[in-house]
1. Could you derive backbone 3J(HN,Hα) for the stretch 168-179 from the dihedral phi with the Karplus parameters 6.51, -1.76 and 1.60 (θ = phi - 60°), listing whole Hz in sequence and x where the residue is Gly or Pro?
2. Output the peptides 12-23, 67-78, 159-170 sorted from most to least packed, where packing is the average of other Cβ atoms within 10 Å over each peptide's residues.
3. Amide H of K109: which non-local residues (sequence gap of 5 or more, or other chain) have their own amide H closer than 5 Å, using H built in the peptide plane?
Amino acid sequence: MSNSLELNKIFAAILTAGVTFGMAGLVGRLVVHPTTPKQAAIQIGEPAAAPVAAAPAAPALDPISPLLAAANVQSGQQIAQRQCASCHSFNEGGRSGVGPNLYGIIGAKHAHIDGFNYSAALRAMANKVWTYEDMNAWLANPRAYAPGNRMSYAGLASVQNRADLIAYLRSISPNAPAP
């Protein structure tokens, strides 16, 4: 008989808690007056193009080609492993991660990997080939190079580090033209 009393106490506690929380919610809505947002805080899929104010012109980059002759491929590989490998792979036939595989990128067209979900900004450049100067501009500031792209990387400020990284990317790009 004490078992059934214990079960009754448990059910009564659950019922009391439910009624209490329900009443607290009702009183809270009466006191706070919540409003529904006019637009969703989180968007699923590609965001709609918003009107963008004209940004101030970015300072022109010095040409990278003259620096490539003295660039250090091993240093570039270290930079790639430290700053790029969390999103990109660099081996032939390697799988794409958050970003596309970068094997053979120099001399290849933008958005060239079939099946990778490139941003609309890069898909619009699909027929443009990655040159050394394009890669320099991308690495310096991806958002300025292709406004609206999804890459969250802020850019590589050091021109020598960019030259080293480009030299490494060239070393793993069998179809790369001479600088």
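1. 5, 4, 5, 5, 10, 10, x, 9, 5, x, 5, x
2. On the way: 12-23: 10.0, 67-78: 15.9, 159-170: 22.9.
Highest to lowest by the protection proxy: 159-170, 67-78, 12-23.
3. Answer set, sorted by chain and number: W130.
Read-outs throughout are calculated quantities, based only on the coordinates presented, and are distinct from any laboratory measurement. Keep in mind it's a predicted model, so treat the numbers as computed, not measured. Glycine gets a Cβ as well: all are built from the backbone with ideal geometry, and neighbour counts include every protein chain shown.
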